[in-house]
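Note sheet for the following structure.
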Amino acid sequence: PPLMDTEAKPSPPRPRWYERHVQPCVAELLGSALFIFIGCLSVVEDSAGTGRLQPALAHGLALAVTVAVLGDI
């Protein structure tokens, strides 16, 4: 029979209120602001000749940057 570990393993510490409530809200605010700001800036200069590709790429780039920067939260 395998040996049983008689020592109780300590449970991981509970996240603080800031990590549970404030940090996700700040990440959501920053992510949404960056996503909308970059998307709107992509069509400001030449709105007539922009087409569909430029705003789509700008939103995709903003989303990729947001996930890379705030992904650990």
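The values are calculated or read from the model by the stated rules, or taken from the named source; none is laboratory data. Not measured: the values here are computed from a predicted model. Glycine also receives a Cβ, built like all others from the backbone with ideal geometry; neighbour counts cover every protein chain displayed. To get the accessible areas, we keep the full protein, side chains included, count just its heavy atoms, and leave off ligands, DNA and RNA. Shrake-Rupley method; radii C 1.70, N 1.55, O 1.52, S 1.80 Å.
Numerical summary
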{"item": "Filter result for Leu63 (in contact (Cβ under 8 Å) with a residue 24 or more places away in the chain, among the hydrophobic types (A, V, I, L, M, F, W, C) and open to solvent by 90 Å² or more (accessible area, probe 1.4 Å))", "result": "yes"}
{"item": "Evaluation of Cys25 against (1) surrounded by fewer than 12 Cβ atoms within 10 Å (Cβ to Cβ); (2) modelled with pLDDT under 80; (3) closer than 30 Å to Ala56 by Cα; (4) not small (Gly, Ala, Ser) (one fails), failing number", "result": "(2)"}
